[in-house]
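The structure appears right after this line, and notes come after that.
The values are calculated or read from the model by the stated rules, or taken from the named source; none is laboratory data. Everything numeric in this text was worked out from a predicted model, so none of it was measured. Counting neighbours? That spans all protein chains shown, and the Cβs are built from the backbone with ideal geometry, glycine included. These accessible areas exclude ligands, DNA and RNA; they are computed on the full protein's heavy atoms, side chains included. Shrake-Rupley method; radii C 1.70, N 1.55, O 1.52, S 1.80 Å.
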Protein chains: 2
Amino acid sequence: MSLISVGSVAFDAIETPFGKVDRIVGGASVYIAYAASNFVTPVQVISIVGDDFPVSEMDEMKSRGIQLEGMEIVAGKKSFFWSGRYHLDMNTRDTLVTDLNVLADFIPVVPESYQSSEFLMLGNLAPSTQLSVINQMKTRPKLIVMDTMNFWMDIALDDLKAVLKKVDVLMVNDSEARQLSGEYSLVKAAKKIMDMGPRFLVVKKGEHGALLFHEDHVFFAPALPLEEVFDPTGAGDTFAGGFIGYLAKTKDISFENMKTAIIVGSALASFCVEKFGPNRLKEITKTDIEQRISQFVQLVNFDIDLV
Amino acid sequence: MSLISVGSVAFDAIETPFGKVDRIVGGASVYIAYAASNFVTPVQVISIVGDDFPVSEMDEMKSRGIQLEGMEIVAGKKSFFWSGRYHLDMNTRDTLVTDLNVLADFIPVVPESYQSSEFLMLGNLAPSTQLSVINQMKTRPKLIVMDTMNFWMDIALDDLKAVLKKVDVLMVNDSEARQLSGEYSLVKAAKKIMDMGPRFLVVKKGEHGALLFHEDHVFFAPALPLEEVFDPTGAGDTFAGGFIGYLAKTKDISFENMKTAIIVGSALASFCVEKFGPNRLKEITKTDIEQRISQFVQLVNFDIDLV
């Protein structure tokens with residue numbers, strides 16, 4: 001069993017009310033891969049970096065069962081760089097710098113050794129890039145999960161709609177679900193979006209948790225109330241990685257099992273925000289994850305006697 | 001077993017994106033009483049109205065087991081009037097008119113027939129008014145639940161702190177919890193607020209659900225994702241009424257039972273928003289409530305196998 005993680009690999013500069021870091025490894029595919037590698041290996045990365053990307057970071061990923069054959073290294077060029085500053089509420093941020101660098105010319109290539117992967121996670125990238133990966137798969141994966149963002153709805157909506165027809169699960173945040181559907185009610189938004197292709201919709205609401213929609217069913221997972229959110233960068237990608245990693249491990253893509261996968265993703269995301277970048281994800285053990293999931297069970301568990 | 005509901009009884013004019021109503025009965029005590037009367041009777045109201053308040057409304061309340069002996073009717077004066085307009089997102093509203101009328105001179109009197117009540121719900125009112133009711137009770141109720149709002153934190157913080165020392169449960173929304181504590185993290189805010197007196201804190205987050213804090217424990221209840229929110233007026237008071245009504249019915253004020261009470265309150269609130277004012281609350285049956293609670297169980301129920 002293996003899992004493909006498509007997405008950026010980058011350097012980030014991050015400033016939060018609690019501190020700042022000028023250069024830390026980041027990018028969707030890094031967070032997805034670290035999160036998923038707790039559940040399934042190999043995690044097969046498809047991405048692109050410049051020759052400034054440290055070998056030590058690649059070695060650390062490889063030691064976790066993350067394969068980098070699909071990560072192109074471009075000589076003489078720089079890796080994607082993003083810089084942002086979080087506001088005091090940690091829910092909003094200003095992007096200070098976006099240097100696409102190598103990502104501007106990214107044409108993904110799926111290595112032959114990745115072809116047997118049954119789980120495909122498409123991190124946030126241009127929809128045409130996401131579609132290219134799907135089209136290169138000789139056997140349609142058992143499950144394709146896709147992240148996207150408002151930016152692509154603004155400038156590449158037709159491309160986005162074309163990818164939506166080919167995926168099983170779409171992950172967006174609440175404002176993106178509203179923008180994509182033109183509906184304020186998330187229930188109505190979910191119905192419209194599922195009519196566009198995906199059979200499942202995950203709506204991420206940050207500190208307010210996440211909703212999973214499928215047909216007429218809805219499941220809600222809370223976010224763990226935390227004393228401190230140190231750095232939210234990568235939490236959404238970590239959530240995605242935990243979600244699809246758990247599904248790949250259990251090989252069960254039913255709505256019932258996706259509920260559990262949402263809880264697992266939420267648990268992983270709750271670690272991510274505790275330190276800068278992916279630092280906390282590099283530390284956690286299976287025991288840490290089990291304890292955190294138990295906290296989620298406690299958080300929502302109640303006994304009901306009907307009225 | 002009986003329950004006292006202290007709070008405004010009023011006329012409201014409400015405008016939402018879906019329609020408007022120029023004059024409908026409202027006020028915290030009305031919503032609390034209708035919600036709680038599904039679980040326990042009598043519900044004993046302490047409030048004040050003018051002689052413009054319709055006898056038919058009072059008769060309808062009485063027919064539900066709501067006692068009005070503690071509701072003063074002031075001849076020649078008008079009832080409290082509030083008018084507001086909701087924004088498209090239904091989470092924010094502008095207050096257009098606040099005519100206190102009789103409420104400006106409200107001095108609550110606890111009738112002798114209410115003295116045996118074991119459950120006391122203090123709806124949002126001046127803290128000094130809330131304290132007066134507590135002080136009039138010859139036997140300290142088994143449970144005192146208190147609602148308040150940012151307005152009193154701004155102009156009567158010392159009074160508010162005096163009441164906090166005497167109550168068991170405080171209910172506020174997330175921004176009020178942050179204001180009262182000076183902490184952005186709700187976990188830290190909860191600790192500080194519980195140090196001020198209440199052993200339990202309920203943080204209402206509207207469409208994002210509610211959190212219950214007690215000692216080192218936290219419980220999360222989601223709000224039901226609804227296709228339409230028609231009118232949010234009174235949802236918080238309805239939540240409070242369902243919460244304390246269920247506790248009064250079960251006579252169990254443990255943290256475990258309060259979890260269930262939070263779910264019950266959320267279920268009642270989800271009805272409230274379906275029609276203008278308390279109209280929907282006047283219609284619902286025990287069967288409706290049971291079905292709605294089952295939806296909440298489905299919404300958060302998952303099976304977890306640890307990693």
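If you scan the stretch A:40-89, which residues turn out to be within 14 Å of chain B (Cβ to nearest Cβ) and either in contact with a Ser or Thr (Cβ under 6 Å, 6 or more places away or on another chain) or open to solvent by less than 20 Å² (accessible area, probe 1.4 Å) (or both)?
Of everything in the stretch A:40-89, those that are within 14 Å of chain B (Cβ to nearest Cβ) and either in contact with a Ser or Thr (Cβ under 6 Å, 6 or more places away or on another chain) or open to solvent by less than 20 Å² (accessible area, probe 1.4 Å) (or both) turn out to be A:Val40, A:Tyr86.
Given the structure, is B:Gly197 more than 9 Å from chain A (Cβ to nearest Cβ), at pLDDT below 95 and out of contact with any Phe, Trp or Tyr (no Cβ under 8 Å at 6 or more places or on another chain)?
Criteria not met by B:Gly197.
Which of the residues that make up the stretch A:157-185 are under 22 Å from B:Leu88 (Cβ atoms), aliphatic (A, V, I, L, M) and not in a helix (DSSP H, G or I)? I'd like the intermediate steps shown before the answer.
Initial filter on the stretch A:157-185 (under 22 Å from B:Leu88 (Cβ atoms)): A:172-185.
From the residues that got through so far, the ones that are aliphatic (A, V, I, L, M) too are A:172, A:177, A:180.
Correct list: A:Val172 only.
Out of the stretch B:168-184, which residues are surrounded by fewer than 19 Cβ atoms within 10 Å (Cβ to Cβ) and over 18 Å from the mean Cα position of the chain (by Cα)?
If the condition is that a residue be surrounded by fewer than 19 Cβ atoms within 10 Å (Cβ to Cβ) and over 18 Å from the mean Cα position of the chain (by Cα), then B:Gln179, B:Gly182, B:Glu183, B:Tyr184 are the ones that fit.
If you check A:Asp89 against the conditions, is it in a loop (DSSP other than H, G, I, E, B), acidic (Asp, Glu) and more than 14 Å from A:Gly26 (Cα to Cα)? Reasoning before the result, please.
Numbers: in a loop (DSSP other than H, G, I, E, B): yes; acidic (Asp, Glu): yes; more than 14 Å from A:Gly26 (Cα to Cα): yes.
So A:Asp89 fits the description; yes.
Is it the case that A:Ala177 is modelled with pLDDT of 95 or more and within 14 Å of another protein chain (Cβ to nearest Cβ)? Write out each step before concluding.
Numbers: modelled with pLDDT of 95 or more: yes; within 14 Å of another protein chain (Cβ to nearest Cβ): yes.
The answer is yes for A:Ala177.
Residues that are closer than 22 Å to A:Asn135 by Cα and either among the polar types (S, T, N, Q) or free of Cβ contacts under 8 Å to residues at least 60 places away in the same chain (or both): list the strands (runs of 3 or more DSSP E) wholly contained in the stretch A:1-60 that include at least 3 such residues. Give the steps one after another, and end with the answer.
Numbers: elements: A:3-6, A:10-16, A:19-26, A:43-50.
The strands (runs of 3 or more DSSP E) meeting that bar are A:43-50.
Please work out which residue is surrounded by the fewest Cβ atoms within 10 Å (Cβ to Cβ), limiting yourself to the stretch B:142-162 and to residues that are charged (D, E, K, R) and without any contact (Cβ under 8 Å) to a residue 24 or more places away in the chain.
Restricting attention to the stretch B:142-162, the residues satisfying the condition of being charged (D, E, K, R) are B:142, B:147, B:154, B:158-159, B:161.
The next check asks that each one be without any contact (Cβ under 8 Å) to a residue 24 or more places away in the chain; those that pass are B:154, B:158.
Working: B:Asp154: 10, B:Asp158: 7.
Restricting to residues being charged (D, E, K, R) and without any contact (Cβ under 8 Å) to a residue 24 or more places away in the chain, the top hit is B:Asp158.
Mind checking which residues of the stretch B:140-167 are under 15 Å from the mean Cα position of the chain (by Cα) and either of a type in the set (D, E, K, R) or at positive phi (or both)?
B:Asp147, the sole residue that qualifies.
Quick check on this structure: which one of A:Lys188, A:Lys192 is more than 8 Å from every other protein chain (Cβ to nearest Cβ), surrounded by fewer than 24 Cβ atoms within 10 Å (Cβ to Cβ) and either in contact with an Asp or Glu (Cβ under 9 Å, 6 or more places away or on another chain) or not in a loop (DSSP other than H, G, I, E, B) (or both)?
Numbers: A:Lys188 fails: more than 8 Å from every other protein chain (Cβ to nearest Cβ).
Checking each option against the conditions leaves just A:Lys192.
From the list B:Thr95, B:Thr139, which one is under 25 Å from B:Lys77 (Cα atoms) and open to solvent by 40 Å² or more (accessible area, probe 1.4 Å)?
Working: B:Thr139 fails: under 25 Å from B:Lys77 (Cα atoms).
It is B:Thr95.
Need the failing condition index for B:Glu215 against (1) more than 10 Å from chain A (Cβ to nearest Cβ); (2) under 18 Å from the mean Cα position of the chain (by Cα); (3) on the phi > 0 side of the Ramachandran plot, just the number.
For B:Glu215, the exception is condition (2).
Being open to solvent by less than 10 Å² (accessible area, probe 1.4 Å) and out of contact with any strand residue (DSSP E or B) (no Cβ under 6 Å at 6 or more places or on another chain) is the requirement here; does A:Met121 meet it?
Details: open to solvent by less than 10 Å² (accessible area, probe 1.4 Å): yes; out of contact with any strand residue (DSSP E or B) (no Cβ under 6 Å at 6 or more places or on another chain): no.
No: the conditions fail for A:Met121.
Evaluate the following for A:Thr148: is it in contact with a helix residue (DSSP H, G or I) (Cβ under 8 Å, 6 or more places away or on another chain) and polar (S, T, N, Q)?
Working: in contact with a helix residue (DSSP H, G or I) (Cβ under 8 Å, 6 or more places away or on another chain): yes; polar (S, T, N, Q): yes.
For A:Thr148, the condition - in contact with a helix residue (DSSP H, G or I) (Cβ under 8 Å, 6 or more places away or on another chain) and polar (S, T, N, Q) - is met.
Does at least one position in the stretch A:154-173 carry a residue that is within 14 Å of another protein chain (Cβ to nearest Cβ) and aliphatic (A, V, I, L, M)? So that I can check it myself, show each step before the final result.
Of all residues in the stretch A:154-173, those within 14 Å of another protein chain (Cβ to nearest Cβ) come to A:173.
Filter again for aliphatic (A, V, I, L, M), leaving none.
No: the stretch A:154-173 contains no residue that is within 14 Å of another protein chain (Cβ to nearest Cβ) and aliphatic (A, V, I, L, M).
Quick grid of which residues meet (1) more than 18 Å from A:Ser8 (Cβ to Cβ); (2) basic (Lys, Arg); (3) touching a Ser or Thr at 6+ places or on another chain (Cβ under 9 Å):
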site	(1), (2), (3)
A:Val97	no, no, yes
A:Ala104	no, no, no
A:Ser117	yes, no, yes
A:Leu120	no, no, yes
A:Ile144	yes, no, no
A:Asn150	no, no, yes
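From the residues in the stretch A:265-296 that are touching a residue at least 24 places away in the same chain (Cβ under 8 Å) and either at the interface with chain B (Cβ under 7 Å from one of its Cβ atoms) or among the hydroxyl-bearing types (Ser, Thr, Tyr) (or both), which one is nearest to A:Lys205 (Cα to Cα)?
Start the filter on the stretch A:265-296 by keeping residues that are touching a residue at least 24 places away in the same chain (Cβ under 8 Å), which leaves A:265-279, A:281-282, A:284, A:286, A:289, A:292-293, A:295-296.
Those still in the list that are either at the interface with chain B (Cβ under 7 Å from one of its Cβ atoms) or among the hydroxyl-bearing types (Ser, Thr, Tyr) (or both) too: A:266, A:270, A:286, A:289, A:293.
Working: A:Ser266: 11, A:Ser270: 13, A:Lys286: 26, A:Ile289: 21, A:Ile293: 19 Å.
Applying the filter and picking the extreme gives A:Ser266.
What about B:Leu224, is it modelled with pLDDT of 95 or more, under 21 Å from B:Leu268 (Cβ atoms), within 19 Å of the chain's Cα centre (by Cα) and crowded, with 19+ Cβ neighbours inside 10 Å?
Numbers: modelled with pLDDT of 95 or more: no; under 21 Å from B:Leu268 (Cβ atoms): yes; within 19 Å of the chain's Cα centre (by Cα): yes; crowded, with 19+ Cβ neighbours inside 10 Å: yes.
Spelling it out, it is not the case that B:Leu224 is modelled with pLDDT of 95 or more, under 21 Å from B:Leu268 (Cβ atoms), within 19 Å of the chain's Cα centre (by Cα) and crowded, with 19+ Cβ neighbours inside 10 Å.
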